[in-house]
Amino acid sequence: MGWERFLLLWSGAWCAAALVGLARSLAGVTRAQRTVRLTGRIREVGEVRHGASRVGGIPLVVDYPDPATGRPVTVTGDDGRGESVTAAWAGREIGVSLPPGPAGGHRFADAPEPPSRGLGWPSFAAFLAYAGLVALAALRWAWPWALVGGAGPWALSGLWYLPGAVRDRRGKRERLAAADAVPGRIVAVLRDVRIDEEDGSRITTHTPVVAFTTRDGTAVTAHCTAHLADPAGARGREVTVHHTPADPAEFTLDPAADRRSRGWDVALHVAAVVLLAATAAVGVLLL
């Protein structure tokens, strides 16, 4: 089998998979569409155990309404399923999802989630089909098609999301400029170890957990993953937490470093868009 035939079969198979996924979404039978998404409220924040894994997030007791009866249901933790809740305080609203099936259990998320159409996997299948067509065009006609077809859509996508990234950075900067500064303390350091599949080495990740109280008396427990020196030995360290008054989950230990980091993020975004656009332009010129 030649490469052209293989790429045709590849693209056709993934295109069929994307169409099947789209049809399932239109029929409303995807797993994401059958998942019930609710708003829960944290009743109690448990104690974070020093040295434990960060999988599963912060121990919580959460109340949410039963979708069938409307009666309150109380659950404890999520056993590492779903998105980890990384900032918690009593009274905070979080997302609770109930996947279909008797063994679905519950999943937590940092914020209530909107309904999903279940188009994630069909979109990925469409991307794989498109990649095969780009490779086929480069093989059959000319290799610059790989530059045009590969870099062009990514450049357009980056350009589409760039204004939003700039707005997000500006909004975060303005909110942190009016942030409250309160004392905090690193109460635990979570530890996760994984084995590198290539060389078998052990990779250890340390996640400090900070506890602080806002000016209105809200006790917050949150993962602290940035701007903290020597995270492995940070337990017991006193820190200053700068958090936005409206949302204690939005905080930093070093506002200046946070501003620089977000500035670099936007600069890298712009540089990537320019590089991709230039690559696509070179491909057009070489055709």
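Kindly establish whether residue 190 is among the hydrophobic types (A, V, I, L, M, F, W, C) and assigned to a helix (DSSP H, G or I). In short, no.
With respect to being out of contact with any Phe, Trp or Tyr (no Cβ under 7 Å at 6 or more places or on another chain), surrounded by 17 or more Cβ atoms within 10 Å (Cβ to Cβ) and farther than 30 Å from residue 190 by Cα, residue 147 fits the description.
Total residues in the stretch 44-57 satisfying the condition of being surrounded by 14 or more Cβ atoms within 10 Å (Cβ to Cβ) and under 14 Å from residue 186 (Cα atoms): the figure is 2.
Residue-by-condition table, conditions (1) assigned to a helix (DSSP H, G or I); (2) under 23 Å from the mean Cα position of the chain (by Cα):
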{"position": "154", "(1), (2)": "yes, yes"}
{"position": "198", "(1), (2)": "no, no"}
{"position": "203", "(1), (2)": "no, yes"}
{"position": "207", "(1), (2)": "no, yes"}
{"position": "212", "(1), (2)": "no, no"}
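Report yes if some residue within the stretch 23-37 is more than 26 Å from residue 106 (Cα to Cα), surrounded by fewer than 18 Cβ atoms within 10 Å (Cβ to Cβ) and either in the same structural domain as residue 210 (by TED's automatic domain parsing) or not β-branched (Val, Ile, Thr) (or both); otherwise report no. Yes, the conditions are met somewhere in the stretch 23-37.
The combined condition, being at pLDDT below 90, among the polar types (S, T, N, Q) and not in a loop (DSSP other than H, G, I, E, B), is not fulfilled by residue 116. Pairs linking a residue in the stretch 263-287 that is closer than 17 Å to residue 134 by Cα to a residue that is of a type in the set (Lys, Arg) and surrounded by 12 or more Cβ atoms within 10 Å (Cβ to Cβ), with Cβ atoms under 9 Å and 6 or more positions apart or on different chains, do not occur.
Listed residues 146, 129, 138, 177; which is touching a Pro at 6+ places or on another chain (Cβ under 9 Å) and modelled with pLDDT of 85 or more? The unique qualifying residue is 138.
Taking the stretch 237-287 as the range and being part of a loop (DSSP other than H, G, I, E, B) and under 19 Å from residue 146 (Cβ atoms) as the test, only 287 passes.
Evaluate the stretch 55-74: report whether one residue or more is modelled with pLDDT of 85 or more, aliphatic (A, V, I, L, M), under 26 Å from residue 125 (Cα atoms) and not assigned by TED's automatic domain parsing to the domain that holds residue 204. No, because not a single residue in the stretch 55-74 is modelled with pLDDT of 85 or more, aliphatic (A, V, I, L, M), under 26 Å from residue 125 (Cα atoms) and not assigned by TED's automatic domain parsing to the domain that holds residue 204. What about residue 232, is it surrounded by fewer than 17 Cβ atoms within 10 Å (Cβ to Cβ), touching a residue at least 12 places away in the same chain (Cβ under 8 Å) and among the small types (Gly, Ala, Ser)? Yes, satisfied.
Looking across the stretch 155-180, the residues that are exposed (fewer than 13 other Cβ atoms within 10 Å of the Cβ) and aliphatic (A, V, I, L, M) come down to 177, 178.
The values are calculated or read from the model by the stated rules, or taken from the named source; none is laboratory data. Values in this document were obtained by computation on a predicted structure and should not be read as measured data. Backbone-built Cβ (ideal geometry, glycine too); neighbour counts: all protein chains shown.
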